[in-house]
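The values are calculated or read from the model by the stated rules, or taken from the named source; none is laboratory data. Here the structure is a predicted model, which means the values were calculated and not measured. Every residue, glycine as well, gets a Cβ built from its backbone with ideal geometry; the counts of neighbours run over all protein chains shown.
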Amino acid sequence: MDKIGYEMDISNSIKQKLDFNSSVYQQITQQLSIIDSFKGSWKSIERQQSKYLKELRKIATIESIGSSTRIEGATLTDKEVEKLLKSIKITKLQGRDEQEVVGYYEALEIILNSYTDITLEERYIHQLHGILLRYSSKDLTHKGQYKTLSNQVVANYPDGTQRIIFKTTEPHLTLHEMQGLIAWTNERLAKKDLHPLMITAAFVYEFLSIHPYQDGNGRLSRLLTSLLLMKQDYQFIQYISFENAIEAKKEDYYRALIEGQKNRGKENERMNGWIIFFLECLVELTKRLETKYEIYSKLKTVLNERQQAILQYVKEKETIQIGDLERQLKVYSRNTLKKDLIYLVKEGLLLKTGEGRGAHYHLISTST
């Protein structure tokens, strides 16, 4: 079959996989409406060039790197990721986790800063894959190149166990299937005959089904998700971590893929489970971002300088007692600091556990 034949075959195949019943379409339509409504309201915040957006993007970047690498088996926490990125010494990236974190960071930064200049083409996808695996010593021979050996989608679990999710496209078919997928995606986006979020979700499903590279496919699929969302003007995705939402629903993530993949290549293969999961994650992220923005606005407009210093200290230490705070902020009285802690708990910014001398204060996470 020639190139045009492959592209038509893949186009018809994807169309069939998107042939859902009315109840599924109704659910999808409701999700799309929520996301697009938030997209419109968020644009007004961006136009104000809010000073809080820079901080939100920084937090989201750390969460995205940490979550996406942990999904694939890495173990670094977000705090460890943040610490690593503050003092990167490329020549000393000995551990695989560190190599993957820095590679993901550099690829994500390129997407966030240059998405308008990156088109959905093989050459750019290869380049992003090469950047992603730049520091991974075990991947030097195949980075930026399609696979030459058969591979499988494998789920990695915290206890070190693995589970095969599904088999993927054979190496000799990978080039043609990727070219067909890219052509289909660009044609749909240009013709606008399908909602851009549906196109993005379908692209990711097919990309993971093909699994075009020997390694790094899961991470690259999430990077390409951010690229496509940014290019379709869903700018809010840079301020909240899509990867973090997937990590929190890892079992559902694999289940949604398996549901379609169990019928891979058959006439009854459908990606409705994946589409719904993908959109549910985005709906959840809009709610998270709305909450986060409100909290950060409150931090800067309601709190005085002393109270902001207290929150920063709690963030650094994770948990504190009043005595710790006295030693850190010596210029203020214990009574003043105690009143601040009471106020911050009341405002829902700190969580108090214990009573009296045993009381501890914790920062309430803004990532949920």
> Quick one: which of Leu84, Leu108 is part of a helix (DSSP H, G or I), in contact (Cβ under 8 Å) with a residue 60 or more places away in the chain and touching a helix residue (DSSP H, G or I) at 6+ places or on another chain (Cβ under 9 Å)?
Replying inline: Leu108
>> Filter the range 252-298 down to the residues that are part of a helix (DSSP H, G or I) and of a type in the set (Gly, Ala, Ser) and list them by number.
In response: Ala256, Gly260, Gly273, Ser297
>> Just to verify a result, which residue in the range 170-181, among those that are within 22 Å of Asp19 (Cβ to Cβ) and of a type outside the set (Asp, Glu), is surrounded by the most Cβ atoms within 10 Å (Cβ to Cβ)?
In response: Leu181
> Looking at the range 133-144, is at least one residue under 21 Å from Thr185 (Cα atoms), in contact with a Leu (Cβ under 6 Å, 6 or more places away or on another chain) and in the same structural domain as Gly218 (by TED's automatic domain parsing)?
Replying inline: no
> Just for the range 1-58: of the residues that are closer than 22 Å to Glu290 by Cβ and part of a loop (DSSP other than H, G, I, E, B), which one is modelled with the highest pLDDT?
Replying inline: Tyr52
>> Going by what's in this entry, would Glu294 be described as among the acidic types (Asp, Glu) and in the same structural domain as Asn21 (by TED's automatic domain parsing)?
In response: no
> Looking only at the range 121-150, which residues are exposed (fewer than 13 other Cβ atoms within 10 Å of the Cβ) and not in a loop (DSSP other than H, G, I, E, B)?
Replying inline: Arg123, Ser137, Lys138
>> Criterion first (surrounded by 20 or more Cβ atoms within 10 Å (Cβ to Cβ), over 17 Å from the mean Cα position of the chain (by Cα) and closer than 28 Å to His126 by Cβ) does Ile199 satisfy it?
In response: yes
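The rows are residues; the columns are (1) under 26 Å from the mean Cα position of the chain (by Cα); (2) more than 30 Å from Glu206 (Cα to Cα).
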{"position": "Ile275", "(1), (2)": "yes, no"}
{"position": "Gln308", "(1), (2)": "no, yes"}
{"position": "Thr319", "(1), (2)": "no, yes"}
{"position": "Arg327", "(1), (2)": "no, yes"}
{"position": "Thr336", "(1), (2)": "no, yes"}
{"position": "Leu349", "(1), (2)": "yes, yes"}
{"position": "Gly358", "(1), (2)": "no, yes"}
{"position": "Tyr361", "(1), (2)": "no, yes"}
> Considering the range 151-169 alone, what residues qualify as being surrounded by 13 or more Cβ atoms within 10 Å (Cβ to Cβ) and either in contact (Cβ under 8 Å) with a residue 40 or more places away in the chain or assigned to a loop (DSSP other than H, G, I, E, B) (or both)?
Replying inline: Asn151, Val153, Ala155, Asn156, Ile165, Phe166, Lys167, Thr168, Thr169
> For the range 328-345, what are the residues that are loosely packed, with under 14 Cβ neighbours inside 10 Å and part of a loop (DSSP other than H, G, I, E, B)?
Replying inline: Lys330, Val331, Ser333
>> Would you confirm whether or not the range 189-205 contains a residue that is assigned to a helix (DSSP H, G or I), at pLDDT below 95 and in contact with a Lys or Arg (Cβ under 8 Å, 6 or more places away or on another chain)?
In response: no
>> Given (1) surrounded by 14 or more Cβ atoms within 10 Å (Cβ to Cβ); (2) assigned to a helix (DSSP H, G or I), identify the lone condition not met by Ala74.
In response: (2)
